[in-house]
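To start, I am sharing the structure in question, which I have written as structure tokens.
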Amino acid sequence: MNRRIAVLASGWSSYFLKDFVKGMMKAVEDKHIDIYLFNTYNYTEYSGFPNYTGLSIFNLINYEDFDGVVLLSDLIGNARVLERERLRILKSKRPAITINKKQEGLCCLRVDNYTGMYNALAHLIRMHNVSDIAYITGKENAVDITDRYKAYKTVLEDNNIPFDSQKVYTINSCDYHCAYSFFNDYVKSGKKLPQAFCCANDLLALALLKVCVENKIKVPQQIKIVGFDNLIQTECTRPSITTVYNNAELLGAEAVNRLINGVNPLQTLSVKSTPVLRQSCGCSYSTTSSQELVTLNILDDANKKEAFDTHMEIMGEIFTEAADVFTLLTNIENFFVKSHDFEGSDFCIFMKSDWTSVLINSAENLPQNLSYGSQVQSVCSVQGNKKYLRELISTRDLIPAKMKTDDKSNIFLFLPIFHHSYVYGYFVTKNDLTMIDNHYGYLWTRNMGTGVEHFRKKNMFKQMSQQYLRLSTKDALSGALNRQGLEKLAKPFYAQNKKNGLTTVLFFVDINKMKHINDKFGHLHGDLAVKTVAAAVLETIPKNWLCIRYGGDEFLVVGNSKNYNGEDYCTMIKERLAKKTSIMHLPYNLSASVGTYSVPAQMDITLEQAVENVDNIMYEQKQAFHKEDDKEKKETEAQESETKE
């Protein structure tokens, strides 16, 4: 069985994370070591509330099951979660390394951001005679950003250039759009440009270059630009951008080597960053076949992004259009089996074992739940591009047995599926890092979680609508449906019977001598008679048949031949009513006339016409009852008369 290394990360710095993991994979090659990458994305909700639910993916980890741990502390950024995981790691007594940010009791391995930035700026000063350098950064207080600023200040001091705080600019965030807005306003204000701008990362540098091109400011003649991170885009711009490579691959490889060969919790080790000198600082840089390949890769990424957007749209439609849980599960599985370019050839989508019951939960908002439970159910499992049966596994196993191999090293990427503060499950893919590209993992998991919640809410509203329909169509006195039930339920039921080729079965029930009961014994007894007859009908007919209070003392029953085997419900209803009244000691005889009529699917009549037919048949029964009753009444009167004589 392969040894295992757990890696805890946040995927927002996708370029760093991907290079770091590539370095790890190269280091474990042929060593029978698997990497389990638990990745997440924090984000801010529309309300402005920061959402850290995705960090629950770390709850899947039992550190005792791993042979080593890598904690990318600077990417995770949540102090409370970092401290919780640090204590869990120390308790497990497994060798562990923290990346770029010191954690007590753990060996620290970090990128030396300082050296690369210092050397790039020293080159700018000494080789291109630059002495007026401005610095721009975001409000982020990450260790790497701090080191870059420190290098800026020190290189000025070492070259006898006075530090001017007025030339240090701090914007809201180190992202492209924020930087573009800042530089655009800067140029339009007419302020004097410095000889060079030192940017805390490449996104800021790319934004500055765009503003310069739009305003016909020549780079590097009028202003020189230095970035950091060596993003792929910096090689393809004209001019290409001078930057610093963080050597994340070397860092990943070194992390593996340290875990294999032993770690010293007291050590802090550094991997130096390296300047990449290009045209934006004044160095010559000719177009190469490598650069052309990079440009083509960027075009491929753009096409890939378009395909991914379509992929997400279809996912959303699956949750929107599914009418029930079974259809949803079937459609999810069918879609991902046919289309999984972004998920990989070996992946599973796991949901908590109780997720189907959650889907029919009628609560407006689900309570916070960050646990995955003891078991998870795969709703889609694809191995070698082929569908596998859904299976239930122990959460501690993390992956199905069929995904495990001992012949080579593998990487398993885990992503949480959640909505707001409720965790639904997780996604795992084998030997595929596509989800780290362009934050695909963030968009995929958020779209999946939102889709599940939308389906749940749709189901909730459906239940509410059905409940409202039941209330609006229910007769308060009898418990049967009211006349609205005829329009809203019986007519669609009748139409569906015809569509399905089923015979519709009708029964018409009429209380005998209702006027006599009301007139002689009062309306309370009249109400009791209605409730008693309705109860007898409802207790007799199949549960899925409809019973409608058609008039004051009349009931219409609508059923079908699907669960009807010719039972004599006319007699059964009368017998049930007689049994109920036998123990009620009523001062009158409560009975009902019942008629029945069947409408084959091919018979071309409306429900109204069918009701009229069954009403006529029931009327014949009622007439027979009255004749028999009159006969009994006359015989009784004759007997009473003879007795008096």
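The values are calculated or read from the model by the stated rules, or taken from the named source; none is laboratory data. Remember, predicted model here, so these are calculated numbers, not experimental data. Because the Cβ atoms are built from the backbone with ideal geometry, glycine has one as well, and the counts that use them run over all protein chains shown. Just so you know, the surface numbers come from the protein's heavy atoms only, side chains and all, with ligands and any DNA or RNA stripped out. Shrake-Rupley method; radii C 1.70, N 1.55, O 1.52, S 1.80 Å.
If you count, for each residue, the other Cβ atoms within 10 Å and average over each peptide, how do 236-244, 524-532, 375-383, 604-612 line up from highest to lowest? Working shown, then result.
Values: 236-244: 22.4, 524-532: 17.3, 375-383: 19.9, 604-612: 13.9.
Per-residue mean Cβ counts within 10 Å order the peptides as 236-244, 375-383, 524-532, 604-612.
Round to a whole angstrom and tell me the spacing of the C-alpha centers of the stretch 523-553 and the stretch 61-90.
66 Å
Still on this structure, I have one more. What is the extension gain from Glu321 to Ser131, computed as 0.36 nm multiplied by their sequence separation minus the C-alpha to C-alpha distance, in nm to one decimal?
62.1 nm
So, one more: Out of every Cα pair in the stretch 81-152, what percent are spaced more than 17 Å from each other?
That fraction is 58 percent.
What's the FRET efficiency of Leu524 with Gln484 using the Cβ-Cβ distance as r and R₀ = 22 Å, to the nearest 0.05? Let's see the in-between values first.
Working: r = 26 Å, r/R0 = 1.17.
The pair Leu524/Gln484 has a calculated efficiency of 0.30.
Would you compute, from DSSP H runs of 4+ residues alone, the mean residue ellipticity of the chain at 222 nm, taking -39500 (n - 2.57) per run and dividing by the full residue count, rounded to the nearest 500?
-14000 deg cm²/dmol
So if each residue of separation counts as 0.36 nm, and I subtract the Cα-Cα distance between Thr571 and Met460, what length gain in nm does that give?
That pair, Thr571 and Met460, stretches by 35.8 nm at full extension.
Now a separate question. Set Lys and Arg Cβ to +1 and Asp and Glu Cβ to -1, take the dipole of the chain about its Cα centre, and tell me which of Met24, Asn129, Val530 lies farthest positive.
Positive-end residue among those listed: Asn129.
Based on the Cβ-Cβ distance of Asp354 and Asn331, what FRET efficiency does E = 1/(1 + (r/R0)^6) give at R0 = 22 Å, to the nearest 0.05?
E between Asp354 and Asn331, to the nearest 0.05, is 0.60.
Hey, any idea what Rg/Rh is for the stretch 366-438, computing Rh the Kirkwood way over Cα pairs?
0.98
From the convex hull of the Cα coordinates of the stretch 100-219, what is the mean projected area in square nanometres? Mind dumping the intermediate values first?
Details: hull surface 33.0 nm².
Dividing the Cα hull surface by four gives the mean projection, 8.2 nm².
Moving on to the next point. From a point 7 Å beyond the Cα of Glu539 in the direction of its Cβ, which residues of the stretch 557-593 have a backbone N at a distance under 15 Å?
Taking a point 7 Å out along Cα→Cβ of Glu539, the residues of the stretch 557-593 whose backbone N falls under 15 Å are 572-586, 590-592.
Ranked highest first by the average count of other Cβ atoms within 10 Å around their residues, in what order do 388-400, 479-491 fall?
Descending mean neighbour count gives 479-491, 388-400.
What nm value, rounded to one decimal, do you get for the distance between Ala302 and Gln609 when each label is placed 7 Å out toward the C-beta?
Using points 7 Å along Cα→Cβ, the separation is 6.6 nm.
With a Förster radius of 51 Å, plug the Cβ-Cβ distance of Arg3 and Lys192 into 1/(1 + (r/R0)^6) and report the FRET value to the nearest 0.05.
Rounded to the nearest 0.05, the efficiency is 0.30.
For a label point 7 angstrom out from the Cα of Leu392 toward its Cβ, which stretches of the stretch 334-374 have the backbone nitrogen within less than 14 Å?
Correct set: 351-357, 373-374.
How far, in nm, would the chain grow between Arg470 and Asn385 when pulled straight, counting 0.36 nm per residue and subtracting the alpha carbon separation?
Extra length from Arg470 to Asn385 when fully extended: 25.9 nm.
Longer than 25 Å from Cα to Cα, which of Lys488/Lys543; Lys402/Lys458; Lys18/Lys430 are they? Say none if no pair is.
Going by Cα-Cα distance, Lys402/Lys458 fall outside the 25 Å limit.
Taking the convex hull of the Cα atoms, report for the stretch 471-581 its projected area averaged over all directions, in nm².
Numbers: hull surface 27.8 nm².
Computed as one quarter of the Cα hull surface, the answer is 7.0 nm².
Please compute the alpha carbon radius of gyration of the chain, then divide it by the globular-protein estimate 2.2 N^0.38 Å. Two decimals is fine.
The reported ratio for this selection is 1.49.
So, one more: Probe 1.4 Å, all protein chains in place: accessible area of Met127 in Å², nearest 10?
Surface accessible to solvent at Met127 totals approximately 130 Å².
For the stretch 42-114, how big is the tail of P(r) above 18 Å, as a whole percent of Cα pairs?
So the pairs more than 18 Å apart make up 43 percent of the total in the stretch 42-114.
Ranked highest first by the average count of other Cβ atoms within 10 Å around their residues, in what order do 439-451, 50-62 fall?
Final packing ranking: 439-451, 50-62.
Return the percentage of antiparallel bridges among DSSP beta bridges fully within the chain, rounded to the nearest 5 %.
Bridges in the chain that DSSP calls antiparallel: roughly 55 percent.
Further, regarding this structure: Lys474's amide H: which non-local residues (gap 5+, or another chain) put their own amide H closer than 5 Å, with H modeled 1.01 Å from N in plane and none for Pro or chain starts?
Excluding prolines and chain starts, which carry no amide H, the hits are Asn482.
While we're looking at this one, here's another question. For Lys192, list the lysines whose Cα falls under 30 Å from its own Cα; do not include residues on the same chain fewer than 8 positions away.
Cross-link targets: Lys139, Lys150, Lys153, Lys167, Lys210, Lys216, Lys218, Lys224.
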